[in-house]
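Here, each number is a calculation from the coordinates, and none is a lab measurement. Being a predicted model, the structure only gives us computed values, none of them experimental. Here Cβ is always computed from backbone atoms with ideal geometry, including for glycine, and neighbour counts include all displayed protein chains.
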Amino acid sequence: MNIPAHAPLHLLHSAAVGTLATHARQPEGFPYPTVLPFAPDPQHRPTILVSRLAEHTHNLHADPRAGFLVVDAPDGDVLNGQRVTLLGTFEPVEPAPERVARYLRYHPDAERYLVLGDFTFWTMKLDRLRYIGGFGAMGWLGGDELDPLPALESVEEQALIDEFAEAIANTGADRLIGVDRYGADMRVNGVRKRFTFENAKPDMESLHAALEDCVRRHTK
């Protein structure tokens, strides 16, 4: 195994869409891939918003086991780009206010689907994942190895987003949409960008300092 530190985690925050592979009901047993937007939850796991009528939703109700592929190949060279394949089970989750707010920060256009009342949130419980970051940088990780640190509480994340909203906007970013112990997610010209910290930030004081550094580096 030769995986750069936290590379799979950062990739899950950099990409906006992934490929969900479920077990087809008809024809039974075949892989059924589909492309979906997703947002990382506080544990960096993919959260998806799906219609109750969608084929992949019916498949998940019948068999929650699934694969989820995330790729970052901005120049089109997939073989030299980063990708991670997640294996696990998807579980429906309640539309708690903090979950809805977080998802809409990452996908603001999804609000039109929520008002329909037909869409539900599902989050992936990770079993294993395989990361490939180019030649010689690849390997397997257990789901619990993705992030050994406790997740940032929603109220703590929101406090940081509120505090740095104006400063981040002044850097040219549209807004700060997510913060975790390893980096910050921003929207720049409508596109999600990941700002990575040099190391994990175990407390609010170090997170605050890391975001101040982020502002300094990106100020026009």
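For this structure, a couple of remarks:
- Loop GluC sites (Glu not before Pro), the range 130-220, which have at most 14 other Cβ atoms in a 10 Å radius of their Cβ (DSSP): GLU153, GLU198
- Using alpha-carbon coordinates, inclination of helix 97-106 to the longest axis of the chain, degrees: 80 degrees
- Rounded to the nearest 500, the 222 nm mean residue ellipticity of the chain from helices alone is -8000 deg cm²/dmol, with -39,500 (n - 2.57) taken per DSSP H run of at least 4 residues.
- Size of charge dipole - the range 7-145 - debye, nearest 20, with Cβ of Lys, Arg +1 and Asp, Glu -1, no other charges: 80 debye
- Folded to 0 to 90 degrees: helix 154-169 orientation relative to the chain principal axis, Cα: 60 degrees
- The chymotrypsin sites (Phe, Trp or Tyr not before Pro) of the range 65-149 meeting both criteria, a DSSP state outside H, G, I, E and B (loop) and at most 12 other C-beta atoms within 10 angstrom of the site's C-beta, are PHE135.
- Overall, the ratio between the Cα radius of gyration of the chain and 2.2 N^0.38 Å, rounded to two decimals, is 1.03.
- Nearest-ten-degree value, helix 204-218 long axis tilted from longest Cα axis of the chain: 80 degrees
- Close amide H contacts of LYS125 (hydrogens built in the peptide plane, cut-off under 5 Å, sequence separation of 5 or more or a different chain): THR89, PHE90, GLU91.
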